[in-house]
């Protein structure tokens, strides 16, 4: 034991050893080189250009698949809004009749749109129904009690061609979600009948037994603008949103 302890003390001091056994002891007590024992680390390689292009292509494909679905959902929401709007327009005109005993503006059956001449323009009708003293309702001539029968929001963009989903403070017209003024037909002859704007698939033809109807020309901005324009289920008429169906 004494000899072993002596060998260990000499090895610790770094003194020369005399025998192979002493060399074994020194080797056994030599500290391990932890750095040398560690395996070299390998960094993960970055994306190659080809891999990056593949990822971009996959993302583009996914966007292409999802975009039509998004557009369909968006268009469905606009159709729902337009349906609600035309229903409110009809209710407002009927409320005017209840209060005043007559329909606003018209003295004969008439289709009111954004292009018809005053006093049967879309703006004239909605100035009257909103109790605004402009157009045909100047000085509240048509709505002397200034009753608000309908109060749609104002459009968010007053730029011509960008007016949607509301009333324009510039021209007074009430625009649908796609940017076309709503159309309204009123029974100005008071026979409880108005001409059907469609030839088929939209109720009785040639006349509807209704006092007031309203409709939107839909996403394409084209459709029925006169009596018996075409089949509701075909062509430019298919996306029209109507109040009586």
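Are any of the residues in the range 45-62 modelled with pLDDT under 65, more than 30 Å from residue 212 (Cα to Cα) and out of contact with any helix residue (DSSP H, G or I) (no Cβ under 9 Å at 6 or more places or on another chain)? Yes, the range 45-62 contains a residue that is modelled with pLDDT under 65, more than 30 Å from residue 212 (Cα to Cα) and out of contact with any helix residue (DSSP H, G or I) (no Cβ under 9 Å at 6 or more places or on another chain).
Within the range 91-114, the set of residues being free of Cβ contacts under 8 Å to residues at least 60 places away in the same chain and surrounded by fewer than 19 Cβ atoms within 10 Å (Cβ to Cβ) comprises 91, 95, 98, 99, 100, 101, 102. Could we say that residue 31 is exposed (fewer than 10 other Cβ atoms within 10 Å of the Cβ), under 30 Å from residue 167 (Cα atoms) and at pLDDT below 90 here? Spelling it out, it is not the case that residue 31 is exposed (fewer than 10 other Cβ atoms within 10 Å of the Cβ), under 30 Å from residue 167 (Cα atoms) and at pLDDT below 90.
Of all residues in the range 228-245, which are in a strand (DSSP E or B) and either without any contact (Cβ under 8 Å) to a residue 12 or more places away in the chain or crowded, with 17+ Cβ neighbours inside 10 Å (or both)?
If the condition is that a residue be in a strand (DSSP E or B) and either without any contact (Cβ under 8 Å) to a residue 12 or more places away in the chain or crowded, with 17+ Cβ neighbours inside 10 Å (or both), then 230, 241, 242 are the ones that fit.
Among the conditions (1) over 20 Å from the mean Cα position of the chain (by Cα); (2) at negative phi; (3) not in a helix (DSSP H, G or I), the only one that residue 105 does not satisfy is (2).
Here 125, 138 are screened, and the one residue that is in a helix (DSSP H, G or I) and surrounded by 18 or more Cβ atoms within 10 Å (Cβ to Cβ) is 125. Selection of the range 176-211 for residues being touching a helix residue (DSSP H, G or I) at 6+ places or on another chain (Cβ under 9 Å) and farther than 16 Å from residue 239 by Cα yields 184, 186, 210, 211.
In this structure, is residue 131 surrounded by 22 or more Cβ atoms within 10 Å (Cβ to Cβ), assigned to a loop (DSSP other than H, G, I, E, B), modelled with pLDDT of 95 or more and on the phi > 0 side of the Ramachandran plot? It is false that residue 131 is surrounded by 22 or more Cβ atoms within 10 Å (Cβ to Cβ), assigned to a loop (DSSP other than H, G, I, E, B), modelled with pLDDT of 95 or more and on the phi > 0 side of the Ramachandran plot. In the set 144, 119, only one residue is in a loop (DSSP other than H, G, I, E, B), crowded, with 16+ Cβ neighbours inside 10 Å, on the phi < 0 side of the Ramachandran plot and over 33 Å from the mean Cα position of the chain (by Cα); that residue is 119. In the set (1) exposed (fewer than 15 other Cβ atoms within 10 Å of the Cβ); (2) at positive phi, the condition left unmet by residue 166 is number (1).
The values are calculated or read from the model by the stated rules, or taken from the named source; none is laboratory data. The structure displayed is predicted, hence computed values, not measured ones. Cβ: placed from backbone, ideal geometry, glycine included. Neighbour counts: every protein chain shown.
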